[in-house]
Amino acid sequence: MIHTIAQKTADIFCIQNVADKEKKEIYVYGIELLISSLIGIVLVLGLSIGLGKVWSGVVFLAVFILVRQYTGGYHADTYVRCNAAFVLTYLLTVGIWIFCRVHDLKVAVWFILLGAYIIMAVLAPVENKNKPLDDEEVKKYKWKSIVIYSAFIMVVLAADITGVFYEVCLYIKIILIIIAVLMVLGKFKENLTE
């Protein structure tokens, strides 16, 4: 369905001379990504509303999208699986957040986050087979991954020290940890397919 909509949209762009007919397949792929991403965003926001935790959906999307665009990680083989994995990742972060709050795992989460940081710094960026990176892009993405991840860690550290927004900062730490886990899974999948 996503492919059909993207194909028809690209056809319209080509007919109206908005897009170059020779690059139609590139436009189709880009439109597919846009539609799939919008579906994932709407699903996460819908679930966050349903759970009564709208803030968790907004924070998840902001942190996950900002960090993941540079770190890379696991990529599903179809748009349906991608959106299912995205939604399950969101639900997993909420579940872990609730578990950590109930069991007061503040110190353990910090230690796990430091391990996740090391994993991120070593593995970033985990490439997608549909978007290979040249050497210069790999360096740039690694640098941006480290800077953005570090910035989030500094923000949550400052918040922990001051006691401000503890719940949100705990949630951000969990998202960062899950991103590192997805990087490991992405690298594992990459090695299996080679």
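The values are calculated or read from the model by the stated rules, or taken from the named source; none is laboratory data. Model, not experiment: these values are computed from the prediction. Cβ coordinates were reconstructed from backbone atoms using ideal geometry, including for glycine residues, and neighbour counts include every protein chain displayed. Just so you know, the surface numbers come from the protein's heavy atoms only, side chains and all, with ligands and any DNA or RNA stripped out. Shrake-Rupley method; radii C 1.70, N 1.55, O 1.52, S 1.80 Å.
List of remarks:
- All conditions in (1) of a type outside the set (S, T, N, Q); (2) out of contact with any Lys or Arg (no Cβ under 6 Å at 6 or more places or on another chain); (3) under 29 Å from residue 165 (Cα atoms) hold for residue 113, with the sole exception of (2).
- Answer residue from segment 132-160, given it is under 16 Å from residue 106 (Cα atoms) and not β-branched (Val, Ile, Thr) and is surrounded by the fewest Cβ atoms within 10 Å (Cβ to Cβ) among those: 154
- Taken over segment 54-94, the residue count meeting the criterion of being in contact with a strand residue (DSSP E or B) (Cβ under 6 Å, 6 or more places away or on another chain) and open to solvent by 20 Å² or more (accessible area, probe 1.4 Å) is 1.
- Segment 24-53 - residue that is surrounded by fewer than 13 Cβ atoms within 10 Å (Cβ to Cβ) and not in a loop (DSSP other than H, G, I, E, B) and, of those, farthest from the chain's Cα centre (by Cα): 25
- Some residue of segment 61-83 being over 26 Å from residue 140 (Cβ atoms) and touching a residue at least 60 places away in the same chain (Cβ under 8 Å): yes
- Hey, residue 84 within 27 Å of residue 119 (Cα to Cα) and either assigned to a helix (DSSP H, G or I) or at pLDDT 95 or above (or both) or not: yes
- Among the residues of segment 161-194, those identified as loosely packed, with under 13 Cβ neighbours inside 10 Å, part of a helix (DSSP H, G or I) and without any contact (Cβ under 8 Å) to a residue 60 or more places away in the chain are 161, 162, 188, 191, 192.
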